[in-house]
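Comments concern the structure below.
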Amino acid sequence: MLILIVAATKFEVEPLVNQLGNKVDVLITGAGMVPTAFGLARQLSNHTYDLVLNLGIAGSFDRNFHLGDVLEITEDTFAELGAQDDEAFIPIDTLGFGESVFLPTTSLEQVYPNFFLKKAKAITVNTVHGHETSIQKVQQRLSPQLESMEGAAFFYACRQMNIPGLQIRAVSNYVEKRNREAWNIGLAIKNLNTFAIDLVNQIINN
């Protein structure tokens with residue numbers, strides 16, 4: 001079973017790399033949609049994998065999730081891809097120029113049925129939200145639970161390259177006016193890597 005781990009930054013998957021670096025390939029793309037889509041497409045053009053895992057932290061709009069919760073993303077949307085019409089937003093789908101909503105190309109249940117995670121709907125943004133008015137607007141328009149800067153681009157690239165891909169994220173903060181003192185990145189990374197290490201070991205050894 002050939003597995004590729006994809007992350008925006010090295011520190012998000014450092015514990016996994018330290019333990020499993022010789023058992024999986026790891027691609028650090030850099031933060032954002034463009035580096036993720038380009039880096040993953042280039043990697044998949046030169047290598048074949050049975051599974052690609054996108055691991056990372058995320059902000060949560062949904063207060064029912066706790067800091068440190070590890071979640072499987074079942075839908076991801078390019079939240080800013082479209083046009084403004086005064087106060088209204090027209091998504092690229094409505095404009096007729098493309099798609100904004102993307103799904104994973106596999107699921108945790110398909111990959112390893114013995115593992116279960118809470119599921120979440122996410123958006124992918126160029127600018128993470130930190131202003132009350134913009135937070136309210138995107139919540140009203142898309143009802144997202146999480147946000148990242150890479151997820152939908154990962155799903156897009158996996159679909160284009162016809163490769164099974166999963167996105168797993170851990171909640172590091174709530175989406176609100178920027179307040180780093182309330183974040184818990186350490187807990188999110190710990191829980192994310194604990195789950196991912198266990199999952200990869202189970203897949204490889206069974």
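The values are calculated or read from the model by the stated rules, or taken from the named source; none is laboratory data. Since the model is a prediction, treat every value here as computed from it, not as a measurement. Positions of Cβ are generated from backbone atoms using ideal geometry, with glycine treated the same way; all protein chains shown enter the neighbour counts. Heavy atoms of the whole protein, side chains included, go into the accessibility calculation; ligands, DNA and RNA do not. Shrake-Rupley method; radii C 1.70, N 1.55, O 1.52, S 1.80 Å.
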Percent carbon-and-sulfur accessible area, the chain, ignoring ligands, DNA and RNA, probe 1.4 Å: 50
Proximal charge balance of I3 [Cβ under 11 Å; K/R count +1, D/E count -1]: -1
Nearest-20 debye value, segment 83-129 charge dipole, Cβ charges on Lys, Arg, Asp, Glu: 440
Heavy atoms of H66 accessible to a 1.4 Å probe, total area in Å² rounded to 10: 110
Rg and Dmax of segment 64-206, Cα atoms only, in Å: 16.3, 56
Total charge dipole magnitude, the chain, about the Cα centre, Cβ charges on Lys, Arg, Asp, Glu only, Debye to nearest 20: 440
Candidate lysines - alpha carbon under 27 Å from K137, same-chain residues fewer than 8 apart omitted: K118, K119, K121, K177
Accessible surface of F65 - all protein chains present, 1.4 Å probe, nearest 10 Å²: 10
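Provide the net charge surrounding D69, with neighbours chosen by a C-beta distance below 10 Å and charges set as Lys +1, Arg +1, Asp -1, Glu -1. Walk me through the numbers on the way to the answer.
Working: positive: K118, R169; negative: D62.
With Lys, Arg at +1 and Asp, Glu at -1, the neighbours total +1.
Taking the solvent-accessible surface of protein heavy atoms with a 1.4 Å probe, what is the per residue accessible area of segment 76-144 in Å²? Before the final figure, lay out the partial values.
On the way: 4240 Å² over 69 residues.
Result: 61 Å² per residue.
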Candidates K23, K119, K177, ranked by Gaussian network fluctuation over the chain, Cα under 10 Å, top entry: K177
Within a Gaussian network of the chain (alpha carbon springs, distance under 10 Å), most fluctuating of L20, L103, L166: L20
Choice from T29, T48, T106 showing the highest fluctuation, given a GNM over the chain with Cα pairs closer than 10 Å: T48
Accessible surface, 1.4 Å probe, highest first, among residues T9, T124: T9, T124
Under Karplus coefficients 6.51, -1.76 and 1.60, residue-wise ³J(HN,Hα) of segment 120-136 in Hz, glycine/proline x: 9, 9, 10, 10, 10, 9, 7, 10, 5, 6, x, 10, 4, 5, 5, 5, 4
Segment 9-118: C-alpha gyration tensor shape, a/c 1.5 cut-off, then a/b vs b/c: prolate
Crossing angle, helix 185-205 versus the chain [Cα axis fit, 0-90 degrees, rounded to tens]: 40
